[in-house]
Amino acid sequence: MLNNIKAAIIDLDGTMLDTAPDFHVAVNRMRADLGLTPLAMQTIVNFVGKGSENLIRRVLAVDYDEDGVTQYFDQALEAYQEHYLSINGDHARLYPQVIEGLQAMKAKGLRLACVTNKPIAFALPLMEKNGLYPYFDIIYGGDSLPKKKPDPLPLLQVCQDFSLVPAQVVAIGDSSNDALAARAAGCRVLTVPYGYNHGESIHDVDSDGIVSTLLDAAHQIS
């Protein structure tokens, strides 16, 4: 059990929503615009988690050297963002017991924030479409603040917004980004085993425990 927790900071992609199918469609439409062949979904999933810019650089690096990535980056990012916005949430799905977990946390009196590296213009409509938006007091995207996860700044900002010390806040996510940000901020951290984590095992990530679902996470908080 995690004791004296007053708030939870929850990640979006790979934690609440399986958005890999959306990434798959948008990335491959962008690649088609550039005359490149499609990538497998798992390849793209392994690139997810550090924001759109990093995703596009890694996707381009499959075909181009560093100079080529730089040359095509702006064009590729613009095309990707247009394609993503046009299908945002169409292929995504909630992971099991996400809504039940959020309801259980709210019932315990926890304040909830969503901190994602996804641009806020993508995150908000996606959360609204899937019924997540009403549960959260605060939502920060990857471009909402000067730095994004794994930097602790977004988590520290939430602690300040909630007037809580970091030890009273737990971060819940699917990747080392979430755990590194939480540890650096002084927050507790729980991880889920079903997300992306850059294609690496979540068991190698330093956390206060692995929880099977957000409902399980709610049961671990007191």
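Return one number: the angle in degrees, 0 to 90 and rounded to the nearest 10, between the long axis of the Cα atoms of helix 20-33 and the longest principal axis of the Cα atoms of the chain. Computed tilt is about 20 degrees.
Per the helix-only calculation at 222 nm, which mean residue ellipticity applies to the chain, given -39500 (n - 2.57) for every DSSP H run of n ≥ 4 and division by its residues, nearest 500 deg cm²/dmol? Provide the component values of the computation, followed by the final result.
Details: 9 runs with 96 residues, N = 222.
Helix-only estimate at 222 nm: -13000 deg cm²/dmol.
Taking only protein heavy atoms and a 1.4 Å probe, the accessible area of the chain is 50% carbon and sulfur. Accessible area per residue, 1.4 Å probe, Å², for the chain: what's the number? For the chain, the per-residue accessible area is 43 Å².
The chain: D in µm²/s via Stokes-Einstein (Kirkwood Rh, Cα pairs, 20 °C, 1.002 mPa s)? Before the final figure, lay out each step's value.
Numbers: Rh = 17.5 Å.
The estimated diffusion coefficient comes to 122 µm²/s.
In the assembled protein chains, ARG57 presents an accessible area of approximately 110 Å² (probe radius 1.4 Å). Measure nothing but the geometry: give the 0 to 90° angle between the long axis through the Cα atoms of 176-185 and the longest principal axis through the Cα atoms of the chain, rounded to 10°. Roughly 50 degrees, rounded to the nearest 10. A dipole drawn for segment 1-152 from +1 and -1 charges on Cβ atoms has a positive end, and of PRO146, GLY49, THR15 the residue lying farthest that way is THR15.
The lysines within cross-link reach of LYS118, meaning a Cα-to-Cα straight distance under 22 Å and a gap of 8 or more places when in the same chain, are LYS50, LYS129, LYS147, LYS148, LYS149.
The values are calculated or read from the model by the stated rules, or taken from the named source; none is laboratory data. Just so it is clear, the model here is predicted, and its values are computed rather than measured. Cβ sites come from the backbone with ideal geometry, for glycine too, and all protein chains shown count toward neighbours. With ligands, DNA and RNA removed, areas are computed over all heavy atoms of the protein, side chains included. Shrake-Rupley method; radii C 1.70, N 1.55, O 1.52, S 1.80 Å.
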